[in-house]
Structures are given as structure tokens and as C-alpha cells.
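To start, the structure under review is shown below, and the notes come after it.
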Amino acid sequence: MAVKESVFKPEEGLFRIVETEESGRFVDSYLIVGERAALLVDTQRCENDLGEVVRSLTDKPLQVVITHAHPDHLGPATEDFLRRKIPVWVFREEIELYAPLGDAALPVRCEKEYGLHFLDEGQVFDLGGTTLEIRSLGGHTPRAAMLLEREKGRLFSGDAMGNRSFWMQVDGAESLEKFAVQMGGFLAIIKKIPGLKIYTGHGIGTESRDLAWAEAVLDATEKILDGRCVGVPTESRWPNTLRLETPVFPEGYFYRSDNIR
């Protein structure tokens, strides 16, 4: 499969590496470079030269954090980093989601063959002048990891709060009610951070979201829960899928009618 890797530099010490397939599907990794070390967020979907791209941008000691174990974020390049003895971190619950699939599942195979490092809530990665705090948010997956950089006002959210769309209809997704509770608690934290920039798992170029966008995610969820907004049935591999188009999710907020509460 032919893929294209494009590199953008939204800010000093931050690179957005975009993997785009011939079909147009794309996913982002983020390379955060501090004074002493670097950290890569997610490993993308395809067999590619992500490791070489990263090493062309920095030669500092590297670690990898996986936001969640879906195959476009914990991808084949994960094994390449593990073979190079580069630590890869993820929440244990994300790997457990794939346990029923056995060793054929890449996340399970990575854990059994190489060993993964498991994240803790509030864990800190100090890169030197750049400190990233691990926060979890269940919804799209059971326990997605987000990386919060309070001093510089940046949040790397993966798919935990959606992108141009929000997929809450997938296997393993938490109920909308549970997500709303957790999202409300997380908003209370990030509201205290002035000028917050949110970098999502499927962005474009140098763009970022802001606090108002995160608040709109919760608002859309609450409107679904209390019946103010109702999605329309849509074809999907997941039964009972509804799609709601909102200003924050122009490509659709997808959820299952049997997974609201």
C-alpha cells in the first residue's frame, strides 16, 4: 500500500507527521522534542519508515506513547520501535480490548513478544523544558491516553474527543453517559489552562483546536443524552448506528442507540 509521509512544524519543538494513504485516509503522529529527550505520540496505520522520519528530525533519546490501541494509532511501526529497544507506553486496558483476538492481534503480539510499558494516570514524561502529563479519557475506547502539557498549553488528545467526526459506535466504546461524566471532569482541569491548543489524531497541517471546541464536544453529547438531538440511522458494520451532524463534527457524531446509557 502506497503511503505518503508529510511533516509539519506547528510550533518550535513540535512536529506533526501525517501518514496519507492513496485512498485519502490519514492519521497523525506527533513528535515532541525537549532539551534532553523526545517523545512520539502514536505509530500510525501502515508499514512505513516512521522510525526513519523520526530520526531525521531528532537524535535525542526517544520514547513512544500510544493514545489508544486502534490499528491506525498502534500500527505495524510499533514493532520496529520495539525491536530498536525504544520504550512503548500504553494503558493496559487498551491492550486487554484485543485479548479475545489472541496473538493475531498486533497489540497482543507486541506485549507478548517484546513487552510494553503500561501507563498510570498522572504519570509525567520530563523531556527537559517540556513536561507531559498522562490523563485518561474513556469513551471512544475504554481508556485512551491524552498528553497534557500545562506550561505551554498543549493537549495531544488522539481520538478521545473526536476529530472531524467522533466514533462512539465502535466495539469497546464506553456509553455516552459514562463519557459525558469523564469529559466533564476533564474540562474542569483544562479550563484552567489559558490559550489551550488541542492537537487531535486526525488533523491537517499546523491546525489545532481550542477549549471552546472541547466544550462543544460535551455539549453535543449531553444533547444526545437528554433527547434534544437525535441522530439518523446510517449504514455501518456496527448495528443500531446513528449519525448526528453538528458544527463541531461536520462529518458526524456516530453512536449506537443501544449504547447511550
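Quick note: the coordinates plus some simple rules give every number you see, no bench work behind them. Predicted model, so just to flag it, every value in this text is computed and none were measured. Quick reminder, even Gly has a Cβ in these numbers, built from the backbone with ideal geometry, and neighbours come from all protein chains shown.
Data overview
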read-out: Phi to ³J(HN,Hα) by Karplus 6.51 cos²θ - 1.76 cosθ + 1.60 over segment 201-212, Hz, x for Gly, Pro; value: x, 9, x, 9, x, 9, 6, 9, 9, 9, 4, 4
read-out: Highest-first arrangement of 137-146, 153-162, 182-191, where packing means the average Cβ count within 10 Å; value: 153-162, 137-146, 182-191
read-out: Simple Cβ-charge dipole of segment 3-256, Lys/Arg +1 and Asp/Glu -1, about Cα centre, in debye nearest 20; value: 340 debye
read-out: Environment charge at residue 93 (Cβ cut-off 13 Å; Lys +1, Arg +1, Asp -1, Glu -1); value: -4
read-out: Within-11-Å neighbourhood charge of residue 62 [Cβ basis; K, R +1; D, E -1]; value: +3
read-out: Magnitude of the charge dipole, segment 6-78, Cβ model with Lys/Arg +1 and Asp/Glu -1, debye to 20; value: 200 debye
read-out: Two-decimal log10 I(q)/I(0) for the chain, as the Debye equation yields it once each C-alpha is a single scatterer, q = 0.10, 0.11, 0.14, 0.17 Å⁻¹; value: -0.47, -0.57, -0.96, -1.42
read-out: Spatially close lysines, pair count over segment 3-256: Cα under 16 Å, gap of eight or more or interchain; value: 8
read-out: For segment 85-94, 3J(HN,Hα) per residue [Karplus equation, 6.51 cos²θ - 1.76 cosθ + 1.60, θ = phi - 60°, Hz, x = Gly/Pro]; value: 6, 8, x, 10, 10, 7, 6, 4, 4, 5
read-out: Whole-Hz ³J(HN,Hα) from phi, Karplus 6.51 cos²θ - 1.76 cosθ + 1.60, for segment 215-227, glycine and proline x; value: 5, 5, 4, 5, 4, 4, 5, 5, 5, 5, 5, 9, x
read-out: Dipole-positive endmost among 139, 110, 186 within segment 66-202 (Cβ charges, Cα centre); value: 186
read-out: Value of relative contact order over segment 3-256, rounded to a whole percent, pairs C-alpha under 8 Å and six or more apart; value: 14 percent
read-out: 5 angstrom amide H check on residue 159, placed H, neighbours 5+ away; value: 201
